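The structure under discussion appears below in the form of structure tokens.
The values are calculated or read from the model by the stated rules, or taken from the named source; none is laboratory data. All figures in this text were calculated on a predicted structure; none of them were measured in a lab. Just so you know, the surface numbers come from the protein's heavy atoms only, side chains and all, with ligands and any DNA or RNA stripped out. Shrake-Rupley method; radii C 1.70, N 1.55, O 1.52, S 1.80 Å.
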Amino acid sequence: MKTENTLARNLDFAADKASYDAACKRLLANKEILAWIMKSCIEEYRECSVKDIAEYYIEGEPQIAHTAVNSDERSANGSDTIRGMSTEDARLEEGTITYDIRFLAAVPGTGEPIRLIINVEAQNDFYPGYPIIKRGIYYCSRMISSQYGSEFTDGHYEKICKVYSIWICMNPPKRRKNTINRYSITEECMVGEEKEKKENYDLMTAVIICLGDSENEHYSGIIKLLDVLLSDEQDPQKKKHILEEDFSVKMTRDLEREVSLMCNLSKGIEDRGMEKGLEQGLEQGMEHGLLSSIRNLMETMSWSSGQAMDALKIPRENRERYEQLLKQQQKEASLEEAKQDYSLAQ
């Protein structure tokens, strides 16, 4: 029964986490929020109003966790999400990895139907085992290569659309908090001064937005907006007030519901996390107590570890674990003795 209860709690915890992540993506995919991100991080929209970006330049509805990253799998429903663009993701033998949010946007002031392909990612872990920026550049590369057969064919590389991958890091290290860094292709004239047109090589840009510290001098603009929006601590009503008053974000019924849902989910995750931590602590305490009992029986009765575990009725499936812990303790004790002998010798 205890095992079933533990499994149920872990499944509930995982379900809450998945629901929280989905709610976070839906919030970021709101057109007004995307417009703020675009105005703050994409040079093509620097002079546009947030209202114009949301109403006139974002094309269609942003796709959420729908478009896959690599080009050798079909999307979840087998269809292309952005005008014939590939929606595939990982290798066939791997799990499918989708872009959090991806959409098309028209470029203002060009007089031509030029478009950008934009990807926005919410990243909770700043150290997932690799540099975030490398993944951002990889996503940019995939968005360019996936255009073949849709945006351009044969040798018409002039039709390649510029791509952006914007990463929002919610828990960055202290040194990166309240920062925005941009990475793009630039030209360097190594010999001579002849220059290429910028639009011919300026095809990919990755941006990393690191949230974090309301006391920092840079806590304003898009950093404050996203920090408030994605906060798991602030009250929903306070969030709504800041979004409306400071950023003129219209609190529609859908957006208000998503804000409240995310706050409730974050509270559920916190409660389940505390419960899980308490349970783990109790289990570790029981394990430590049994280990001490095994060791005491071995010393006082001159028994083997197997005999001691027989007397304590420890299940067979758990015995290998205790054997490993006993060996580890013995090794640590031997090292400590060696250190003491060395100190005495000195």
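The table below gives the values:
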{"quantity": "The range 146-213 - percent of accessible surface contributed by carbon and sulfur, probe 1.4 Å", "calculated": "47"}
{"quantity": "Tyr20, Tyr57, Tyr148, Tyr138, ranked by accessible area, largest first (probe 1.4 Å)", "calculated": "Tyr148, Tyr138, Tyr57, Tyr20"}
{"quantity": "For Val107, solvent-accessible area (1.4 Å; no DNA, RNA or ligand), Å²", "calculated": "20"}
{"quantity": "Extension gain, Tyr138 back to Lys159 (0.36 nm per residue minus Cα-Cα distance, nm)", "calculated": "5.5 nm"}
{"quantity": "Heavy atoms of Lys331 accessible to a 1.4 Å probe, total area in Å² rounded to 10", "calculated": "140"}
